[in-house]
1. So which residues in the stretch 87-125 are touching a helix residue (DSSP H, G or I) at 6+ places or on another chain (Cβ under 6 Å) and in a loop (DSSP other than H, G, I, E, B)?
2. Among what's in the stretch 129-155 and is buried (at least 17 other Cβ atoms within 10 Å of the Cβ) and out of contact with any helix residue (DSSP H, G or I) (no Cβ under 7 Å at 6 or more places or on another chain), pick the residue that is nearest to residue 34 (Cα to Cα).
3. Looking only at the stretch 58-75, how many residues end up being within 10 Å of residue 30 (Cβ to Cβ) and at pLDDT below 95?
4. Give the residue, chosen from 76, 22, that is surrounded by fewer than 15 Cβ atoms within 10 Å (Cβ to Cβ) and either more than 20 Å from the chain's Cα centre (by Cα) or without any contact (Cβ under 8 Å) to a residue 12 or more places away in the chain (or both).
5. Could you please tell me which pairs satisfy a Cβ distance under 8 Å, a separation of 6+ or placement on different chains, a first residue in the stretch 90-107 that is assigned by TED's automatic domain parsing to the domain that holds residue 52 and closer than 18 Å to residue 136 by Cα, and a second residue that is at pLDDT 85 or above and assigned to a loop (DSSP other than H, G, I, E, B)?
6. Given the conditions (1) touching a residue at least 12 places away in the same chain (Cβ under 8 Å); (2) closer than 22 Å to residue 59 by Cα; (3) part of a helix (DSSP H, G or I), and given that residue 128 satisfies all but one, which numbered condition is not satisfied?
7. Restricting attention to the stretch 50-67, and to residues there that are surrounded by fewer than 17 Cβ atoms within 10 Å (Cβ to Cβ) and under 20 Å from the mean Cα position of the chain (by Cα), which single residue is nearest to residue 33 (Cα to Cα)?
8. Filter the stretch 62-83 down to residues that are touching a helix residue (DSSP H, G or I) at 6+ places or on another chain (Cβ under 8 Å) and under 13 Å from residue 13 (Cα atoms), then give me how many there are.
C-alpha cells in the first residue's frame, strides 16, 4: 500500500479528505469548543494548522454539506459521535490574508472589497435572494443580516481566518514611528465586528 500524500500547505478540508491525504484528526475538540462559548479565538504560531481547522469546522457546521457528512467525517472522532449542531448553520467565512496595507486608504478599500466578496460567495453558495451593494463593511454586514432574518429560517456561523494578518502587517517594527494604520485597522475591526456580536442570528 502506498503512503498517503502529506498535504503541506493545503487548508481545504474537503479536498484533503476526498484526495485521501494524511489527516491528523482534531475533530474531538468540536464538542469542547461548543461548550466554551460563542466567541472563540485561536492563537497559534504560523503553519500550526489553524486554517485547516477553520475549514474543518466550516464543513462540519455547514447546512449545505449535510449529504456529504459521512464522506467527510465517517473516519473521524466526531463522525462517530456528532453533536446536535452538525450541519445546522449557514456558514459565512472570511479570509483576511490578502488585505493590502500600503496606506490607510488602500487598506480600507481592500478590506471593503474583501468583505463584499465574502458576502457574495455566501449568498451564491446558498442561492439566497439577498441584494448586496458596495458600501462600508459594517453597512454591508448589517444589510445582509437584516435581509437574511427576513427571508431565511436559520442561523449564521461566522468563521474568520487570518483575523489579525493585515493588522500585523500594519504594526511598525521596533524603532519605527507609530503608523496611522494602527488606528485605522482597529477602527475597521471594531466597526465591522460590532454587528456580528450584537446580532442574534450569528454564532461566531
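The values are calculated or read from the model by the stated rules, or taken from the named source; none is laboratory data. Remember, it's a predicted structure, so these values are computed and weren't measured experimentally. Here the Cβ positions follow ideal geometry from the backbone for every residue, glycine too, while neighbour counts run over all protein chains shown.
1. 87, 96, 97, 99, 100, 101
2. The extreme case among them is 155.
3. Qualifying residue count, the stretch 58-75: 0.
4. Matching residue, one of 76, 22: 22.
5. none
6. So the condition that residue 128 fails would be (3).
7. Step by step, filter the stretch 50-67, then rank; the result is 63.
8. 7
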